[in-house]
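Notes to accompany the following structure.
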Amino acid sequence: MKLNEKQLQDFQKKFGNILNERDIITDHDTIAPHLVDWVGNISGSSALMLTPRNSEQVSKILRVCHEETIAVVPQGGNTGSVASGIPNGEIILSLEKMNNIISIIPEDYSITVESGCILSQVQDAAQEASRFFPLSIGSEGSCTIGGNISTNAGGISVLKYGNMRDLVLGLEVVLADGRIMNNLKRLRKDNSGYATKHMFMGAEGTLGVITAACLRLFPKIENKVTAFASLSNLDATIQLLETLKSFSGELLSSYELIPKIGLDIALKYGDELVSPISDPQEWNVIIEYSDTKNNDNANDSLEYALGNAIEKGLVCNAAIASSLSQAQNIWKIRKAIVEHQPKLGGEIKHDCSVPVSSVPEFIRSTTQKLIDYLPDVRPVPYGHIGDGNIHFNVCPPSNYDPDTFKQNTEEIREIVYGNANSFGGSFAAEHGVGQIKKKQMLNYKDEVELQLMKDLKNLLDPKNILNPGKIF
């Protein structure tokens, strides 16, 4: 249930027995930034935000909420793209003050942190211990580990290291009734029954509140080599990927698709960006090799692989960054595409995945379907092509009214996600379901699998107090 004014006052008193006064927030201006999703599509409401400082306080809060059937919305850095953390009248349970590094054990290649830790904070702590935490996403300076786990975040290094799910060794989770599941183990192997920790990864806070996590670390990266390559055609994206894998083994860490329209957006609106090559083609890729050895191996391997691809006719032109500034310029192009697409008159965002081998045909067929629906529409498919994840964003025709374009959102989403489904793909590659994709959840999720998910929700949260209205 949501709180009226009298209930709000009553529960403030109850929570006052659990939290310090400054951790119980009713000031509208303080709460306001927590009510709008990062993309700006949805705004919510809440009259109360709680900011606990440890898992025991979270446990006591949820025990009260469970007894009184009061709904809560767990929230981390509020950087999600599908409004998973936006309340609709519920209490906000912000984990932002639970931001301590609990321990780091280099010999175990593990770090244990509270869920409110900022991702970049964990990256820095690993670096100081001569280790490497590989998750890297655009919001890493503000997103939190709890949110990363709850949405099973991906990013630019999934190709080599996997999603967030693959980086978690153990979890501490507070259940809806206040019980604490403590599974903060540093083990790589634990075959003692069901892997319960996985239930909470990607669950978007609907099954429990993640309060701490033990994460995998890797050997420190001593050398990175970045390149920008223009391809002869769209099919060459997959052929070049195979060439790079065959020549480099484990060195290949990122492989990002950059269409010409995306490059043009970045160069036009980005801050003093320059094209890495003089004659970019319709389809381009960013390639990154990472190595634990500080020598020329990565650079030589990439140079040799690209030379082979040029001989095969896969690559028209390529440039390997010879300085840090050149590498940064390349990656800023990727970031600028995300930031500046709306300047084409608006955009309709999509995050989908298909089998890697199907990416070229998926892009071609989806583009054609969109043009058939709305002539001169401008698709901007880009992203983590190495793992089959395409951010298939769609911008309106030139000089098209933005409000009129927005009215086509549902039809355009159905074209993109429906076509992804026809390729055996997913409508939610790395951003989750949240409030935005509940329709697609019903349309495309296997009926039996969907019912199992609902059964699990009913088992762990029978009163539906954890992030209600999300996913289902």
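Could you name the lysines whose alpha carbon sits less than 19 Å from that of Lys445, not counting residues in the same chain fewer than 8 places away?
Within the straight-line cut-off, Lys445 pairs with Lys437, Lys454, Lys457, Lys470.
Short version: ³J(HN,Hα) in whole Hz for each residue of segment 90-102, in order, from phi by Karplus 6.51 cos²θ - 1.76 cosθ + 1.60 (θ = phi - 60°), x for Gly and Pro, what are they?
Each residue's phi maps through the Karplus curve to give 6, 6, 8, 10, 8, 9, 5, 8, 9, 10, 9, 7, 6 Hz.
Name the long-range amide H neighbours of Ser110: under 5 Å, sequence gap of 5 or more, or other chain; modelled H, no Pro or chain starts.
Ile105, Leu217
From the mean inverse distance of alpha carbon pairs (Kirkwood) and the Cα radius of gyration, derive Rg over Rh for segment 223-341. Present the calculation step by step, with values, prior to reporting the outcome.
Working: Rg = 13.5 Å, Rh = 14.2 Å.
Rg/Rh for segment 223-341 comes to 0.95.
Read phi for every residue in segment 75-84 and hand back ³J(HN,Hα) as whole Hz from Karplus 6.51 cos²θ - 1.76 cosθ + 1.60, θ = phi - 60°, with x for Gly and Pro.
9, x, x, 6, 10, x, 10, 10, 6, 5
Taking N as the number of residues in the chain, what is its alpha-carbon radius of gyration divided by 2.2 N^0.38 Å?
Details: Rg = 23.0 Å, N = 472, 2.2 N^0.38 = 22.8 Å.
For the chain, the normalised Cα radius of gyration is 1.01.
For Lys335, give me every one of the aspartates and glutamates with a C-alpha distance below 17 angstrom, ignoring sequence neighbours fewer than eight places off in its own chain.
Correct list for Lys335: Glu140, Glu256, Asp264, Asp271, Glu272, Glu288, Glu347, Asp351, Glu430.
Hey, can you rank 254-266, 60-72 by average C-beta count inside 10 Å, highest first?
Values: 254-266: 21.7, 60-72: 19.2.
Descending mean neighbour count gives 254-266, 60-72.
For segment 5-97, what relative contact order do you get, as a whole percent, if you take Cα pairs closer than 8 Å and at least 6 residues apart? Walk me through the numbers on the way to the answer.
Working: 140 pairs, mean separation 30.2, N = 93.
For segment 5-97, the relative contact order is 32 percent.
Per residue of segment 135-143, what does 6.51 cos²θ - 1.76 cosθ + 1.60 with θ = phi - 60° give for ³J(HN,Hα)? Whole Hz please, x for Gly and Pro, Karplus curve as stated.
4, 9, 9, x, 9, 5, x, 9, 6
With +1 on each Lys and Arg Cβ and -1 on each Asp and Glu Cβ, and nothing else charged, work out how big the dipole of segment 345-429 is about its Cα centre, in Debye to the nearest 20. Walk me through the numbers on the way to the answer.
On the way: 6 positive and 11 negative charges, 33 e Å.
For this selection, approximately 160 debye.
Give, to the nearest whole percent, the P(r) tail of segment 5-97 beyond 20 angstrom, counting all Cα pairs.
Working: 1304 of 4278 pairs.
So the pairs more than 20 Å apart make up 30 percent of the total in segment 5-97.
Just to be sure I follow: if Rg is taken over the C-alpha atoms of segment 101-219 and Rh is the Kirkwood radius over the same atoms, what is Rg/Rh? Please list the in-between numbers first.
Numbers: Rg = 13.3 Å, Rh = 14.1 Å.
My calculation puts Rg/Rh at 0.94.
Given Cα pairs under 8 Å that are at least 6 residues apart, what percent is the relative contact order of the chain?
Details: 979 pairs, mean separation 72.3, N = 472.
Relative contact order of the chain: 15 percent.
Express in whole angstrom the spacing between the alpha-carbon centres of segment 391-437 and segment 110-129.
34 Å
Run the helix sum for the chain: -39,500 (n - 2.57) per DSSP H stretch of 4+ residues, divided by residue count, reported at 222 nm to the nearest 500 deg cm²/dmol.
Numbers: 15 runs with 161 residues, N = 472.
Dividing the helical sum by the residues of the chain leaves -10000 deg cm²/dmol.
Below 8 Å, C-alpha to C-alpha, sequence gap of six or more: please give me the relative contact order for segment 314-472 in percent.
It comes to 24 percent, rounded to a whole number.
May I ask for the angle, rounded to the nearest 10°, between helix 409-422 and the longest principal axis of the chain, with both axes built from Cα atoms and the value confined to 0 to 90°?
70 degrees
Read-outs: derived from the displayed coordinates by stated rules, not from any lab. These numbers come from a predicted model, not from an experiment. All Cβ positions, even for glycine, are placed from backbone atoms using ideal geometry, and neighbour counts span all protein chains on display.
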